[in-house]
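Provided herewith is a single structure, encoded as structure tokens, for subsequent inquiry.
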Ligand SMILES: O=C1O[C@H](COP(=O)(O)O)[C@@H](O)[C@H](O)[C@H]1O
């Protein structure tokens with residue numbers, strides 16, 4: 001029943017990442033022991049050393065987030081180039097895919113829109129194009145704009161053009177929203193589809209939260225700290241019953257969208273939060289600061305109940321972090 005966080009500063013890519021599997025029970029010598037948020041005070045992140053090719057793993061403030069209900073782990077990976085981030089993200093995703101394909105015979109993967117899709121490009125290349133068992137993938141959207149699927153604003157179109165059209169996922173396992181419905185109708189319809197997939201065993205349920213447990217959510221964050229279509233100060237961030245809800249007044253256009261709710265995001269087994277660029281440094285700094293204020297950004301409300309949350313960042317995105 002603990003949350004922990006490590007920070008990894010890495011100039012290299014996948015070869016320098018801590019191994020994903022098997023899960024660490026005792027940290028290797030290069031790792032600082034993880035800390036329980038509940039039993040120990042939260043230290044500020046501290047730079048121990050730096051190296052170009054060896055990840056440096058640091059004690060951290062465990063994002064100073066409110067304690068989760070069960071156990072979770074948080075890592076902050078910092079890459080000196082977006083290219084290295086993309087390579088590492090592909091390996092991370094492929095490893096998680098292999099784990100769930102073997103364990104469950106299905107891999108439920110949630111995509112966001114935005115810059116995340118470009119960061120997935122290495123998955124469409126060797127070796128992953130050939131080695132990932134794409135036939136096991138079931139693809140969902142954490143949020144979608146209520147526009148036709150061929151509209152420039154569609155998150156489906158973005159993912160299709162930049163990722164899905166390049167990998168052999170069966171078409172019937174890609175769950176786009178019904179773009180003929182209203183925002184409210186599309187959200188209800190999407191929730192019904194998720195419930196059907198729970199019934200037929202494709203989608204797992206969390207044993208503790210009563211919400212679906214996606215294997216992997218690959219998410220981005222806006223410069224204002226929004227994730228999915230959950231915006232700072234919007235009442236939707238408090239939705240705690242629905243799995244999927246709708247918004248008619250999104251501060252970022254287009255205004256009509258559907259979105260997973262926080263209980264669904266927070267029931268995930270793995271979340272990769274992919275954030276690059278100086279424009280997001282303020283939100284990253286607030287999210288990772290150990291000084292918490294009552295005006296939590298949505299990204300600060302992403303606290304997994306029982307899972308692993310990994311920030312994939314570049315130097316620019318963490319440029320406002322001290323040390
Ligand atoms: O509107 C949206 O924005 C966020 C962030 O996008 P980014 O381009 O700044 O990475 C995205 O995660 C979300 O899915 C999308 O609908």
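The values are calculated or read from the model by the stated rules, or taken from the named source; none is laboratory data. Bear in mind the structure is a predicted one, so any value in this text is a computation, not a measurement. Heads up, the Cβs are rebuilt from the backbone with ideal geometry, glycines too, and the neighbour counts pull from every protein chain shown.
Say whether the condition of being in a loop (DSSP other than H, G, I, E, B) and more than 22 Å from residue 218 (Cβ to Cβ) is met by at least one residue in the range 154-173.
Checking the range 154-173: not a single residue is in a loop (DSSP other than H, G, I, E, B) and more than 22 Å from residue 218 (Cβ to Cβ).
Additional query: Find the residue count for the range 261-283, including only residues that are touching a strand residue (DSSP E or B) at 6+ places or on another chain (Cβ under 6 Å) and either within 13 Å of the ligand (Cβ to nearest atom) or over 27 Å from residue 306 (Cα atoms) (or both).
Qualifying residue count for the region: 6.
Give 98, 119 a once-over and let me know the one that is more than 16 Å from the ligand (Cβ to nearest atom) and either surrounded by fewer than 23 Cβ atoms within 10 Å (Cβ to Cβ) or modelled with pLDDT of 95 or more (or both).
Within the list 98, 119, the selection yields 98.
Which number in (1) more than 16 Å from the ligand (Cβ to nearest atom); (2) at pLDDT 95 or above; (3) in a loop (DSSP other than H, G, I, E, B); (4) in contact with a strand residue (DSSP E or B) (Cβ under 7 Å, 6 or more places away or on another chain) marks the one condition that residue 126 misses?
(4)
Hey, among the residues in the range 209-230 that are in contact with a strand residue (DSSP E or B) (Cβ under 8 Å, 6 or more places away or on another chain) and either more than 16 Å from the ligand (Cβ to nearest atom) or part of a loop (DSSP other than H, G, I, E, B) (or both), which one's nearest to residue 275 (Cα to Cα)?
Only one residue tops the list, namely 221.
Could you check the range 130-142 and list, in sequence order, the residues that are within 13 Å of the ligand (Cβ to nearest atom) and touching a helix residue (DSSP H, G or I) at 6+ places or on another chain (Cβ under 6 Å)?
Result: 141, single match.
Looking at this structure, is residue 241 away from the ligand (no atom under 13 Å from the Cβ) and under 26 Å from residue 203 (Cα atoms)?
yes
Results for (1) within 16 Å of the ligand (Cβ to nearest atom); (2) without any contact (Cβ under 8 Å) to a residue 60 or more places away in the chain; (3) within 22 Å of residue 252 (Cβ to Cβ), shown as yes or no for each residue.
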| site | (1), (2), (3) |
| --- | --- |
| 144 | yes, no, yes |
| 147 | yes, no, yes |
| 151 | yes, yes, yes |
| 155 | yes, yes, yes |
| 159 | yes, yes, yes |
| 164 | yes, yes, no |
| 168 | no, yes, no |
| 189 | no, yes, no |
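Check 147, 139 and return the single one that is over 18 Å from residue 273 (Cβ atoms), out of contact with any strand residue (DSSP E or B) (no Cβ under 8 Å at 6 or more places or on another chain) and not in a helix (DSSP H, G or I).
147
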